[in-house]
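Notes follow the structure.
The values are calculated or read from the model by the stated rules, or taken from the named source; none is laboratory data. Keep in mind that what you see is a predicted model, and the values were worked out from it rather than measured. Cβ: placed from backbone, ideal geometry, glycine included. Neighbour counts: every protein chain shown. Note: accessible area is taken over every heavy atom of the protein model, side chains too, but ligands, DNA and RNA are not part of it. Shrake-Rupley method; radii C 1.70, N 1.55, O 1.52, S 1.80 Å.
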Amino acid sequence: MGADVSQETAAASAGSAESLTVRDNRTGQEYDVPILDGTIRAADLAGIRTADEEPGVAVYDPGFVNTASCRSAITYIDGDKGILEYRGYPIEQLAENSTYLEVAYLLIHGELPTKDQYETWVHEITYHTFVHENIKTFMQGFRYDAHPMGMLLASVGALSTFYPESRNLTDTSIRHMQVVRMIAKMPTLGAWAFRHAQGKPYVYPDNELSYAGNFLAMLFKMSEQKFQADERLIRALEVLFILHADHEQNCSTNAVRSVGSSQVDPYSAVSAGIAALFGPLHGGANEAVLRMLRRIGSADKVPDFIDGVKNGKERLMGFGHRVYKNYDPRARIIKKAADDVFEVTGVNPLLKIALELEKIALEDEYFVKRRLYPNVDFYSGLIYEALGMPVSMFPVLFAIPRTSGWIAQWLEMIDDSEQKIARPRQIYTGERTRDYVAMDRR
Ligand SMILES: CC(C)(COP(=O)(O)OP(=O)(O)OC[C@H]1O[C@@H](n2cnc3c(N)ncnc32)[C@H](O)[C@@H]1OP(=O)(O)O)[C@@H](O)C(=O)NCCC(=O)NCCS
């Protein structure tokens, strides 16, 4: 007869008759493990052991390739079908009709705002874009060639020292204040990191401009009284911000949740997310696409390059995704945004090479068989470059909009009674119980 592994989970799954029968061939014992929402609880396996004093079976899953770390109602992805939804709304509809701040509200509050709620939200964000002057001094202390992403993560972490009340995680009005501050100040810090590298004076926020319009002004304003970016560029940036706002449990979101699970303040947790995004495997793929396109040089070299990819010499950067095994829905939208941007800035000469690559790869059996399609990074770098951004700013342009997703996920975690401090197990592979050897005898 099967032994129930955990009464708690058995009770939780009482509504569902689904279970997994596990037979431990070491002992011949069988266990019934409840299946809930397509998952089993790793903790349920801990009861499977050869003797009372022996450790139970654990799950080994480097990189969490098949482990759900939380329940979440924020972002839904179906990688096979190429679906991305925020709070149930398809990304295509949001990119077409919404603004970044409305999407940020949706991610954080779970519902689209009414007109009044939206206006209050936009007003709150707009009037918290300024940072303390000491943050400016702090940023000016960085070396002339400091990477803007390093400056961003340090300055967001530093904000926690300006708002010590942010360590109070239980007071919802205090929490709300930090949410507003974080979303509001991110473009200011990102733009200042950019200006720093250029040796240009930092530009203060302009409260009469929109979120994306103000960001562009802080990046590019010189001596003019008022900086007004082209509306088409503002809209394209807004769309890019919407596309990057959340992507469920990716590396940086997992970092925010993991660090946040220690109940540290949200600025510290978000700076951990920025650190994760700094890594080339996460925020750096669009830079790799640009390098690849430059190396190919011209559209007529594309067939040779594709042959090299098929022979395993290198990868076609901006193609393929761990989750999407279909066209990344964001890539379609970004292609349209690229056309709008190039209408203003002139066509990026690398676009011709990118289009040729995409055309050939989408028809080629190697890519079709492996279900490799363009991902969001295939075109985003071309747009950022056309906007006058150096590659070092690419991850900053990702971190600014992803902040709303990080914060939404952080809030969800704080209120989730099932969450505990993130503390994985390990399989110990080292030496045991050795006697200390004095230095002169080693
Ligand atoms: C994103 C990525 C890391 C996902 O990798 P993954 O899910 O672990 O997939 P795998 O590495 O197991 O690849 C599966 C197969 O497709 C091939 N493949 C995957 N991505 C490829 C690419 N971009 N170009 C050529 N071949 C690729 C692999 O060689 C492998 O082929 P094989 O079965 O003959 O060995 C991978 O597609 C990649 O490196 N893409 C390029 C980098 C990029 O654009 N990253 C941004 C992601 S948003």
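Only sites in a loop by DSSP and with at most 11 other Cβ atoms within 10 Å count here; which chymotrypsin sites (Phe, Trp or Tyr not before Pro) in segment 96-189 make the cut?
Values: sites: Tyr100, Tyr105, Tyr118, Trp121, Tyr127, Phe130, Phe138, Phe142, Tyr144, Phe162; in loops: Tyr127, Phe130, Phe142, Tyr144.
Those that pass, being in a loop and sparsely packed, are Tyr144.
Going through segment 209-251, which GluC sites (Glu not before Pro) have at most 15 other Cβ atoms within 10 Å and a DSSP loop state? Show your work: numbers first, answer last.
Details: sites: Glu224, Glu231, Glu238, Glu248; in loops: Glu224, Glu248.
Here the GluC sites (Glu not before Pro) that fit, given the DSSP loop and packing criteria, are Glu224.
Kirkwood-based Rg over Rh for segment 116-189 (C-alpha set), two decimals? Mind showing how you got there, number by number?
Values: Rg = 13.7 Å, Rh = 13.4 Å.
For segment 116-189, the value is 1.02.
Cα convex hull of segment 227-379: mean projected area in nm², to one decimal? Walk me through the numbers on the way to the answer.
Numbers: hull surface 43.5 nm².
Here the figure is 10.9 nm², rounded to one decimal.
So what's the angle, to the nearest 10 degrees on a 0 to 90 scale, between helix 172-198 and the longest Cα principal axis of the chain?
50
So how long is each side of segment 342-419 along the principal axes, counting just the alpha-carbon atoms, biggest first, in Å?
51, 37, 21
Using a probe of 1.4 angstrom, how much of the accessible area of the chain is carbon and sulfur, in percent? Kindly include the intermediate steps, with their values, before the conclusion.
Numbers: 11610 of 22650 Å².
Here it works out to 51 percent.
Scaled to the compact-protein estimate 2.2 N^0.38 Å, what is the alpha-carbon radius of gyration of segment 53-104, rounded to two decimal places?
Details: Rg = 17.4 Å, N = 52, 2.2 N^0.38 = 9.9 Å.
Ratio of Rg to 2.2 N^0.38 Å for segment 53-104: 1.76.
If ligands, DNA and RNA are left out, what is the accessible area of Glu102 with a 1.4 Å probe, given in Å² to the nearest 10?
In the full protein context, Glu102 sits at about 40 Å².
Which residues' amide hydrogens lie under 5 Å from the amide hydrogen of Ile83, considering only partners 5 or more residues apart or on another chain, with H built in the peptide plane?
Asp78
Add -39500 (n - 2.57) for each DSSP H run of 4 or more in the chain, then divide by its residues: what number comes out at 222 nm, to the nearest 500 deg cm²/dmol? Working shown, then result.
Details: 19 runs with 223 residues, N = 442.
Using -39500 (n - 2.57) per qualifying helix, the result is -15500 deg cm²/dmol.
Computed from the mean reciprocal separation of all distinct C-alpha pairs, what Kirkwood hydrodynamic radius does segment 271-353 have, in Å? It would help to have the intermediate numbers written out before the result.
Details: mean 1/r = 0.0675 Å⁻¹.
Taking the inverse mean of 1/r over all distinct Cα pairs, segment 271-353 comes out at 14.8 Å.
So what is the orientation-averaged projected area of segment 215-264, using the convex hull of its C-alpha atoms, in nm²?
Working: hull surface 21.9 nm².
Reported value for the Cα convex hull: 5.5 nm².
Restricting things to Cα coordinates, could you compute the convex hull volume per residue of segment 76-223 in Å³? Numbers along the way, then the final one.
On the way: hull volume 21.9 nm³, N = 148.
Per residue, the Cα convex hull of segment 76-223 comes to 148 Å³.
Any idea of Glu385's accessible area? Nearest 10 Å², probe 1.4 Å.
Spelled out: Glu385, probe radius 1.4 Å, area about 50 Å².
For segment 48-142, take every pair of Cα atoms, bin their distances at 5 Å starting from 0, and report each bin as a whole percent.
Going from the shortest bin to the longest, the percentages are 2, 9, 12, 12, 11, 10, 10, 12, 8, 5, 4, 4, 1.
In the Gaussian network model of the chain, springs joining C-alpha atoms below 10 Å, which of Asp80, Asp52, Asp116 carries the largest mean-square fluctuation?
Ranking Asp80, Asp52, Asp116 by mean-square fluctuation puts Asp52 first.
Straight-line reach only, C-alpha to C-alpha below 21 angstrom: list the lysines that Lys200 could link to, leaving out same-chain residues fewer than 8 apart.
Within the straight-line limit of under 21 Å, Lys200 reaches these lysines: Lys136, Lys185, Lys221, Lys226.
If you line up the long axis of helix 100-109 against the longest principal axis of the chain, both from Cα atoms, how many degrees apart are they, to the nearest 10?
20
Treating only the Cβ atoms of Lys and Arg (+1) and Asp and Glu (-1) as charged, compute the dipole magnitude of segment 44-105 about its Cα centre; round to the nearest 20 debye.
Around 140 debye, computed over segment 44-105.
With every protein chain left in place, what is the accessible area of Phe367 in Å² (1.4 Å probe, nearest 10)?
Ignoring ligands and nucleic acids, Phe367 comes out at about 0 Å².
Full-extension gain between Asn207 and Lys313, please, as 0.36 nm times their residue separation minus the C-alpha to C-alpha distance.
Working: separation 106, 0.36 × 106 = 38.16 nm, distance 5.08 nm.
33.1 nm is the gain from fully extending Asn207 to Lys313.
Which net charge results when you count Lys and Arg as +1 and Asp and Glu as -1 among the other residues whose beta-carbon is under 15 Å from that of Ala229? Please list the in-between numbers first.
Values: positive: Lys221, Lys226, Arg232, Arg235; negative: Asp206, Glu208, Glu224, Asp230, Glu231, Glu238, Asp340, Glu343.
Summing Lys/Arg as +1 and Asp/Glu as -1 gives -4.
Quick one: what do you get for segment 298-434 if you divide its Cα Rg by 2.2 N^0.38 Å?
On the way: Rg = 20.6 Å, N = 137, 2.2 N^0.38 = 14.3 Å.
With N residues counted in segment 298-434, Rg over 2.2 N^0.38 Å equals 1.44.
Can you quote the Å³ per residue value for the convex hull of the Cα atoms in segment 197-286, rounded to an integer?
Details: hull volume 12.8 nm³, N = 90.
So the per-residue Cα hull volume is 142 Å³.
Which values, in whole Å and largest first, are the semi-axes of the equivalent ellipsoid of segment 390-442 obtained as the square root of 5 times each eigenvalue of the Cα gyration tensor? Let's see the in-between values first.
On the way: eigenvalues 379, 113, 16 Å².
Semi-axes, largest first: 44, 24, 9 Å.
Using a Förster distance of 35 Å, how high is the FRET efficiency between Tyr118 and Asn326, based on the Cβ-Cβ distance and rounded to 0.05? Could the numbers behind the result be given before it?
On the way: r = 33 Å, r/R0 = 0.94.
So, using R0 = 35 Å, E works out to roughly 0.60.
Treating only the Cα positions of the chain as identical point scatterers, give the base-10 log of I(q)/I(0) from the Debye formula at each q in 0.10, 0.11 Å⁻¹.
For the chain, the Cα-only Debye profile gives -0.81, -0.95.
Between Ser19 and residues 5 or more places away or on another chain, which pairs have amide H atoms under 5 Å apart, with H built 1.01 Å from N, and which residues are they?
So Ser19 has HN proximity to Ile35.
What accessible area per residue comes out for the chain, rounded to a whole number of Å², with a 1.4 Å probe? Don't jump to the answer; show the numbers that get you there.
Working: 22650 Å² over 442 residues.
Dividing the accessible area of the chain by its residue count gives 51 Å².
What is the gain in length, in nm to one decimal, between Arg167 and Glu92 on full extension, counting 0.36 nm per residue of separation less the C-alpha to C-alpha distance? Working shown, then result.
Numbers: separation 75, 0.36 × 75 = 27.00 nm, distance 3.69 nm.
Extra length available between Arg167 and Glu92 comes to 23.3 nm.
Determine the sum of side-chain charges near Arg441: Lys and Arg each +1, Asp and Glu each -1, restricted to other residues whose C-beta is under 14 angstrom from that of Arg441.
Working: positive: Arg434, Arg442; negative: Asp435, Asp440.
In short, 0.
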